[in-house]
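Take a look at the structure set out below.
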Amino acid sequence: MRFVVFGAGAIGGAVGARLFQKGHDVTLVARGAHGKALRTHGLKLEAPDETVTLRIPAHADAVRLDWTDDTVVLLAVKGQHTEEALTQLAAAPPGTPVVCMQNGVENERRVQRRFANTYGMCVMCPATQLRPGVVQVHSAPVTGLMDLGRYPEGMDEAGQAIADAIDTTTFQSVARPDIMRWKYRKLLMNLANAAEALCGPEGRFSPLAKEAQREGKEALAAAGVDVASAEEDRQRRSDHLQLATTTSGEWRGGSSWQSLARGAGSIEAAYLNGEIVLLGALHGVATPVNALLEHLALRAAAEGAAPGSWSIEELSARAGVAHGE
């Protein structure tokens, strides 16, 4: 099995590196300064228990890749870049398995239009990519949890083989026929991403974030979406993820926080908070907090604002949510 990791940032780079360390055939695709550093110097992986530089084959795009019958695409770009990725993947045979290692629930729908063998993956992995060529993973000995299943449901031999390959690494991967239930649970958690990006660490578990998640639960219920329970999620996570520092320091924030910290110019809020706004509009559920968080996060990314540019008190007041006493 040959893996093409399209989007070798924090998550894609970490999974690609761990697969490569176990002897799997891996090719990375990454653009910009990070991609150039990967091609020039290799991928520097920092974990709590090791720091290693890996010379993994890397390309700036996927247009000129050689496609074989045993190639699997691990799609790890942010949701706002999925269409661009699919354009580059046009040369891949339509039977190529594509695994959406992405937040949100919209990517699978878009990929399924072009690839018959589409898989969803529920990613639970504290990882960071802020400096070109460097990926940090912040949990050891288990790097993260990467469960997957066919979209929209089911499992097959190819999916099981992909899960088994990932499970040979420091990641754990369970093949699940109901993977989208788990991705909707992760979506609810990710509704706090924008608050964390805008307000810093205080935002993640704030009353503001909890209100966004309450709206999300109401919208998903109105849409009749089956969601894995909080208890199921707690049991799956158990005590597997053990946060620790790397040589560059501790984990500071999630994917949206990192988008602002890198000055990426875009952020995935439209596919997180925006998913709830869309469902609310379709099913008659008010979602004002998610609409505000989406708008302000997209604006912050477009303007190049740093993470934590709002105080949690200021943003909570703007949203009409009480914060503290």
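Pull out the extension gain between Asp167 and Ala140, defined as 0.36 nm times the separation in residues minus the alpha carbon to alpha carbon distance; nm, one decimal.
Numbers: separation 27, 0.36 × 27 = 9.72 nm, distance 1.46 nm.
Additional length available on full extension: 8.3 nm.
Semi-axis lengths, largest first, of the ellipsoid equivalent to the range 83-127 are 20, 11, 10 Å, with √(5λ) applied to each eigenvalue of the Cα gyration tensor.
Distant-in-sequence amide contacts of Phe3, defined by a placed amide H-H separation under 5 Å and a gap of 5 or more residues or a different chain, comprise Asp25, Val26, Thr27, Val72.
The calculated FRET efficiency for Arg2 paired with Val225, based on their beta-carbon distance and R0 = 56 Å, is about 0.95.
If every alpha-carbon in the range 42-107 counts as one equal scatterer, what log10 I(q)/I(0) does Debye give at q = 0.15 1/Å? Each listed q maps to, in turn, -0.63. Quick check: from the Cα gyration tensor, does the range 278-325 come out rounded (a/c under 1.5), prolate or oblate? Judged from the Cα gyration tensor, the range 278-325 comes out oblate (a/c at least 1.5, b/c at or above a/b). Computed extension gain for Ala116 through Asp25, at 0.36 nm per residue and net of the alpha carbon distance, reaches 30.5 nm.
Applied to the range 11-22, the Karplus parametrisation 6.51 cos²θ - 1.76 cosθ + 1.60 on θ = phi - 60° returns per-residue 3J(HN,Hα) values of 7, x, x, 5, 5, x, 5, 5, 5, 4, 4, 8 Hz, with x for Gly and Pro.
For the range 186-325, would you read off the P(r) tail past 20 Å as a percentage of all alpha carbon pairs?
Values: 4713 of 9730 pairs.
It works out to 48 percent of all Cα pairs.
Built from the Cα atoms of the chain, the convex hull projects on average onto 15.5 nm², one quarter of its surface area. Separation of the alpha carbons by more than 29 angstrom is noted, of Lys22/Lys210; Lys78/Lys217; Lys36/Lys78; Lys22/Lys78; Lys44/Lys217, for Lys22/Lys210; Lys44/Lys217. In order along the range 38-50, the Karplus-derived 3J(HN,Hα) couplings, from 6.51 cos²θ - 1.76 cosθ + 1.60 at θ = phi - 60°, round to 4, 6, 8, 10, x, 9, 8, 9, 10, 10, x, 10, 6 Hz, and Gly and Pro are given as x. Normalised Debye scattering of the range 95-153 at q = 0.23 Å⁻¹ gives log10 I(q)/I(0) of -0.89, counting only Cα atoms as equal scatterers and leaving out solvent. Taken as Cα centroids, the range 1-74 and the range 271-300 sit 33 Å apart, rounded to the nearest whole angstrom. Between amide H atoms placed 1.01 Å from N, distances below 5 Å from Ala58 occur with Leu28, all of them 5 or more places distant or on a separate chain.
Size of the range 162-255: Rg and Dmax of its alpha carbons, in Å, are 15.5, 46.
Scanning residues 5 or more positions from Gly149 or on other chains, those with amide H under 5 Å from its amide H are Gly120, Arg176, with H placed 1.01 Å from N in the peptide plane.
Spin-label pair Gln242-Ala281: with each label point 7 Å from Cα along the Cα-Cβ axis, the two points sit 4.7 nm from one another.
Spacing of the modelled spin labels on Arg109 and Glu232, each 7 Å from Cα toward Cβ, amounts to 2.0 nm. Sorted from greatest to least, the principal axis extents spanned by the alpha carbons of the range 33-72 come out as 36, 24, 12 Å.
Taking max minus min of the alpha-carbon positions on each principal axis, the range 25-179 gives extents of 37, 34, 27 Å, largest first.
Return the calculated 222 nm mean residue ellipticity for the chain, to the nearest 500 deg cm²/dmol, obtained by summing -39500 (n - 2.57) across DSSP H runs with n ≥ 4 and dividing by the residue count. Don't skip to the answer; put the middle values down first.
Details: 13 runs with 132 residues, N = 325.
-12000 deg cm²/dmol, from helical runs alone.
Whenever you get a sec, line up Tyr119, Tyr271 from highest to lowest accessible area (probe 1.4 Å, protein heavy atoms). Mind dumping the intermediate values first?
Numbers: Tyr119 0, Tyr271 60 Å².
Final ranking, largest accessible area leading: Tyr271, Tyr119.
For the pair Glu314 and Arg252, a Förster radius of 25 Å applied to the C-beta separation gives a FRET efficiency near 0.75, rounded to the nearest 0.05.
Here the range 124-180 has an Rg and Dmax of 13.3, 38 Å, counting Cα atoms alone. Provide the net charge surrounding Cys199, with neighbours chosen by a C-beta distance below 12 Å and charges set as Lys +1, Arg +1, Asp -1, Glu -1. Combined, the nearby Lys, Arg, Asp and Glu give -2.
I want the antiparallel fraction of DSSP beta bridges within the chain, as a percent rounded to 5. Approximately 40 percent, going by the DSSP bridge assignments.
The values are calculated or read from the model by the stated rules, or taken from the named source; none is laboratory data. Everything numeric here is computed off the predicted structure, so don't read it as measured data. In this analysis, Cβ positions are derived from the backbone assuming ideal geometry, glycine residues included, and neighbour counts consider all displayed protein chains. These area figures cover heavy atoms from the full protein model, side chains too; ligands, DNA and RNA do not enter into them. Shrake-Rupley method; radii C 1.70, N 1.55, O 1.52, S 1.80 Å.
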